[in-house]
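Report on one structure; see the data block that follows.
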Amino acid sequence: MKGQFEVQFNWVFVLIAGAVILAFFFSIVLKQRAISEQRLELTLAGELDAITTSASVAKGAAQRISLPKAGLDFTCSDECSCTFSVGSVTKDYRDKLIFAPSHIEGDTVVFWSLDWQIPFRATNLLFVTNDRIKYFFVHDDSAESEQLVGKVKALLPEQANSAFVTLSDVDCRTNPNCIKNENYIRVKFVFLNTDPAFGDLQLDDSFSDTELAAVHITPDALTFFKRDSKTATTFTPASAYYAGDATLFAAIFSADEPMYRCNIQAASRRLGYVARIIQSRMETFRADAAIIERGCAYNPETIARVATVGDEQGTSLSSGLTELRGLSLTLNDENEALLRQSCPTLY
Amino acid sequence: MFETLAVLVVFFFFLIFGASFYFKLQENALHRDLDKNTQIRAVQIAQKSVHLPELDCSFVGVQRENCIDFDKITALTALLMSSDAAKIEYFKSFEYSTLRFHQVYPESVDYTIYDRKQGDSTTALQLPVVVYHAIDGSYGFGYLEVLVYA
């Protein structure tokens, strides 16, 4: 009887011990899997950080890079906390100025950098796009619209999917052969000095389930249009300003108005510092006896004003940003005059 | 009964030994990753420094590669010494690091452009650069030294 009880107890003991051991190993495997996935995401986020740093220092270069399966997310809050994420790993933009869609997925991603010249290089802006995003540039016959078309065509890299269309190509009410979405996940309409007229405009049904955004660019200002929901036909506008070609492209590639505003504010702060450095360098020239003897004339007012505008716009983006266009032309003239006199130039 | 317990004891002994060995390996891998990340950060900061518009040599908007403007170095150093806002702004670029400039020719000149230390462990990188003196249009030779703290 005692022997029989012992054999039964052994079996129960072995079963319990086996179950505990199995559960232990199973939990370790699950934990390791979670750790490995997180580690991979961390590595990818770190590598992406390095790639974006290299891409943003390479001026005017467009490069195609493999994209992680989870895709990339870019976001800027209203308070200007800008981050990018790979899966569950989120990294701060820090000093990078990235203009991208809110989510990007596919096999590859294109990074394109352009320097913001006012007229000296203040900083580099980095634009992100890929094969699954399309930009429709809507233009008309006006001189302003054609001028903007010329600018976009001259600078936009071929890696960005783009098409130049008129408003009648977009509006399906009047045109049965209106443009359709060819399976792009995201579509951006860029109205180049052409009134978007969203109240009347009727897009093709193929756009109904697409991530859609729009921006209206005039020679003076920008208006971002955010679709109220993924299938809505109504859009919420938000105004902004630009100065220079790089900021024009920043508006085109930005997911929304906060992304544009936050990055341009950061770029303006940098512009303020670069302008102060140029101003300080100019003061050194003005104090140098040999340069005075050569008759080199430096005007500290324009560069000081650029620095002030940079500081102001770095705090809050306003129509004051457009003042940089005029200041840029003045500085350019001053620099050319110095060059003609064989004097040390400002930039 | 005794045999079963003995088997379990031996099993758990091997398990604990195996686990401690595995965790040691993981710890080493983590240290390697940390070192690698610090080195990548050092390269990134060095890469950024030589391309900064605040330091680069530009001629009517055209930048010269691996060239640093001497007057911009003095201006940026003075700016970072005098302005707390600038220190905060440039922390985004240089983080916990020290950025030093050494001119070796024609005369020896040293500047510590940026300095924000943290901890003792450092990774150092030196980048040879051409130094442009705009006042007399001459060139010197020097290097940028980047020390990144882990």
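The values are calculated or read from the model by the stated rules, or taken from the named source; none is laboratory data. Note that the structure is predicted; figures quoted are calculated from it, not measured. Heads up, the Cβs are rebuilt from the backbone with ideal geometry, glycines too, and the neighbour counts pull from every protein chain shown.
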(request) Could you check how many residues of the stretch A:289-329 are under 25 Å from the mean Cα position of the chain (by Cα), more than 12 Å from residue A:243 (Cα to Cα) and not in a helix (DSSP H, G or I)? (result) 1
(message) Pull out all pairs, ordered by first then second residue, where Cβ-Cβ is under 8 Å, the residues are six or more apart or on different chains, the first lies in the stretch A:201-227 and is of a type in the set (Gly, Ala, Ser), and the second is buried (at least 21 other Cβ atoms within 10 Å of the Cβ) and assigned to a loop (DSSP other than H, G, I, E, B).
(response) A:213/A:255; A:221/A:242
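Considering only the stretch A:138-195, state which residues are of a type in the set (A, V, I, L, M, F, W, C) and more than 23 Å from the chain's Cα centre (by Cα). Give the derivation first.
Within the stretch A:138-195, the subset of a type in the set (A, V, I, L, M, F, W, C) is A:138, A:143, A:148-149, A:152, A:154-156, A:160, A:163-165, A:167, A:170, A:172, A:178-179, A:185, A:187, A:189-192.
Those that are of a type in the set (A, V, I, L, M, F, W, C) and more than 23 Å from the chain's Cα centre (by Cα): A:143, A:165, A:167, A:170, A:172, A:178, A:179.
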(request) Inspect all residues belonging to the stretch A:251-258 and state whether any of them is among the small types (Gly, Ala, Ser), part of a helix (DSSP H, G or I), surrounded by 20 or more Cβ atoms within 10 Å (Cβ to Cβ) and away from chain B (no Cβ under 14 Å). (result) yes
(request) Please find, among A:160, A:197, A:238, A:221, the residue that is of a type in the set (A, V, I, L, M, F, W, C) and crowded, with 19+ Cβ neighbours inside 10 Å. (result) A:160
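Being part of a strand (DSSP E or B), touching an Asp or Glu at 6+ places or on another chain (Cβ under 9 Å), surrounded by 15 or more Cβ atoms within 10 Å (Cβ to Cβ) and modelled with pLDDT under 95, is that true of even one residue in the stretch B:118-126? Break it down into steps so the answer makes sense when it comes.
At the first step, the residues of the stretch B:118-126 found to be part of a strand (DSSP E or B) are B:122-126.
From what is left, the residues that are touching an Asp or Glu at 6+ places or on another chain (Cβ under 9 Å) are B:123-126.
When the remaining residues are screened for being surrounded by 15 or more Cβ atoms within 10 Å (Cβ to Cβ), the result is B:123, B:125.
If we keep only those that are modelled with pLDDT under 95 too, we end up with B:123, B:125.
Looking through the stretch B:118-126, at least one residue is part of a strand (DSSP E or B), touching an Asp or Glu at 6+ places or on another chain (Cβ under 9 Å), surrounded by 15 or more Cβ atoms within 10 Å (Cβ to Cβ) and modelled with pLDDT under 95.
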(request) Answer yes if at least one residue in the stretch B:58-65 is in a helix (DSSP H, G or I) and either of a type outside the set (Asp, Glu) or in contact (Cβ under 8 Å) with a residue 12 or more places away in the chain (or both), and no otherwise. (result) no
(request) List every residue pair whose Cβ atoms lie under 8 Å apart, where the two residues are 6 or more positions apart in sequence or sit on different chains, the first residue falls within the stretch B:108-123 and is at positive phi, and the second residue, located anywhere, is small (Gly, Ala, Ser). (result) B:119/B:150
(request) State which residue is surrounded by the most Cβ atoms within 10 Å (Cβ to Cβ) when the search covers only the stretch B:66-76 and only residues that are within 17 Å of residue B:145 (Cα to Cα) and within 9 Å of chain A (Cβ to nearest Cβ). (result) B:76
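Might you let me know whether the stretch A:292-304 holds any residue that is touching a strand residue (DSSP E or B) at 6+ places or on another chain (Cβ under 6 Å) and either touching a residue at least 24 places away in the same chain (Cβ under 8 Å) or within 14 Å of another protein chain (Cβ to nearest Cβ) (or both)? Step through it out loud before you land on a result.
Here is the first cut: in the stretch A:292-304, the residues touching a strand residue (DSSP E or B) at 6+ places or on another chain (Cβ under 6 Å) are none.
For the stretch A:292-304, residues touching a strand residue (DSSP E or B) at 6+ places or on another chain (Cβ under 6 Å) and either touching a residue at least 24 places away in the same chain (Cβ under 8 Å) or within 14 Å of another protein chain (Cβ to nearest Cβ) (or both): absent.
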(message) Checking residue B:42 against (1) under 20 Å from the mean Cα position of the chain (by Cα); (2) more than 8 Å from chain A (Cβ to nearest Cβ); (3) outside any helix (DSSP H, G or I); (4) of a type outside the set (Asp, Glu): exactly one of these is not met. Which one?
(response) (3)
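Of everything in the stretch B:88-104 that's part of a helix (DSSP H, G or I) and touching a strand residue (DSSP E or B) at 6+ places or on another chain (Cβ under 8 Å), which residue is nearest to residue B:146 (Cα to Cα)? Lay out the reasoning, then the answer.
From the stretch B:88-104, those part of a helix (DSSP H, G or I) are B:88-94; that's our starting set.
So of that shortlist, the ones also touching a strand residue (DSSP E or B) at 6+ places or on another chain (Cβ under 8 Å) come out as B:90, B:94.
Numbers: B:90: 14, B:94: 9 Å.
Out of the qualifying residues, it is B:94.
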(request) Please state which of the following conditions residue A:239 fails to meet, knowing it meets all the rest: (1) free of Cβ contacts under 8 Å to residues at least 24 places away in the same chain; (2) of a type in the set (Gly, Ala, Ser); (3) out of contact with any Ser or Thr (no Cβ under 9 Å at 6 or more places or on another chain). (result) (3)
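Here's the yes/no breakdown for (1) over 22 Å from residue A:59 (Cα atoms); (2) crowded, with 19+ Cβ neighbours inside 10 Å:
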{"site": "B:32", "(1), (2)": "yes, no"}
{"site": "B:35", "(1), (2)": "yes, no"}
{"site": "B:39", "(1), (2)": "yes, no"}
{"site": "B:44", "(1), (2)": "no, yes"}
{"site": "B:49", "(1), (2)": "no, yes"}
{"site": "B:64", "(1), (2)": "no, no"}
{"site": "B:78", "(1), (2)": "yes, no"}
{"site": "B:85", "(1), (2)": "yes, no"}
(request) Spot the failing condition for residue B:97; the list is (1) within 22 Å of residue B:71 (Cβ to Cβ); (2) within 14 Å of chain A (Cβ to nearest Cβ); (3) among the hydroxyl-bearing types (Ser, Thr, Tyr), and only one is missed. (result) (1)
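With the structure loaded, tell me whether residue A:165 is closer than 23 Å to residue A:243 by Cβ, aliphatic (A, V, I, L, M) and out of contact with any Lys or Arg (no Cβ under 8 Å at 6 or more places or on another chain) or whether it fails that test. Reasoning before the result, please.
On the way: closer than 23 Å to residue A:243 by Cβ: no; aliphatic (A, V, I, L, M): yes; out of contact with any Lys or Arg (no Cβ under 8 Å at 6 or more places or on another chain): yes.
In short, no.
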